[in-house]
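**Q** Take a look at the following structure, please.
Read the figures in this text as sums done on the coordinates, not as results from a lab. Since we're looking at a predicted model, the values are computed, not measured. Using ideal geometry, Cβ is built from the backbone for each residue, glycine included, and neighbour counts are taken over all protein chains shown.
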Amino acid sequence: MKEPEFIEEETFSVTLWRKTGGQTGGQTGGQTITDTQERIINVLKDNPKMSRKKLSEILKINTSALQKQIEKLKQMGVIEREGADFGGYWKIIKSNVTAQYLNEKQR
C-alpha cells in the first residue's frame, strides 16, 4: 500500500491511500433453508390447508416469526399460497429443497 502524502503549502494536507480490489469472499452456492423452514415445509406437505395460526401452534413459534419464515420461503420460490386466506392452500413448489438441505447439512 502507498505511504501517506504530506503536502505543506499555504495549508497542510494529508492524502491517505486505501487498498482497492473490492469485496473478497461472499456467498457460495445457492440458498439453504433453516431448520424452522424445513419444519414448516414438512408440516405443509402433510396438511397444505393449515392456517398460519395452527401452524405457529404446532411449531411452537409466534405468528410474526412464522410469517417472516413463510415470506422467506416464498421469496426463495419454495412455497406459494393458492387461493384466498380462507379456503386456500399452500403449494410446495420445490419439493426437493429439503433433500438438498439435508445433503448440505451432512457435509
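**Q** To the nearest 0.05, what FRET efficiency results for Thr34 and Ala84 with a Förster distance of 41 Å applied to their C-beta separation?
**A** Numbers: r = 28 Å, r/R0 = 0.68.
So the FRET efficiency works out to roughly 0.90.
**Q** Residues with beta-carbon under 14 Å from that of Asn62, excluding Asn62: net charge, scoring Lys, Arg +1 and Asp, Glu -1?
**A** Residues near Asn62 contribute +4 overall.
**Q** Would you list Ser13, Ser51, Ser56 from fewest to most Cβ contacts within 10 Å?
**A** Ser13, Ser51, Ser56
**Q** Listing Leu55, Leu16, Leu73 from the residue with the fewest other Cβ atoms within 10 Å to the one with the most, what is the order?
**A** Leu16, Leu55, Leu73
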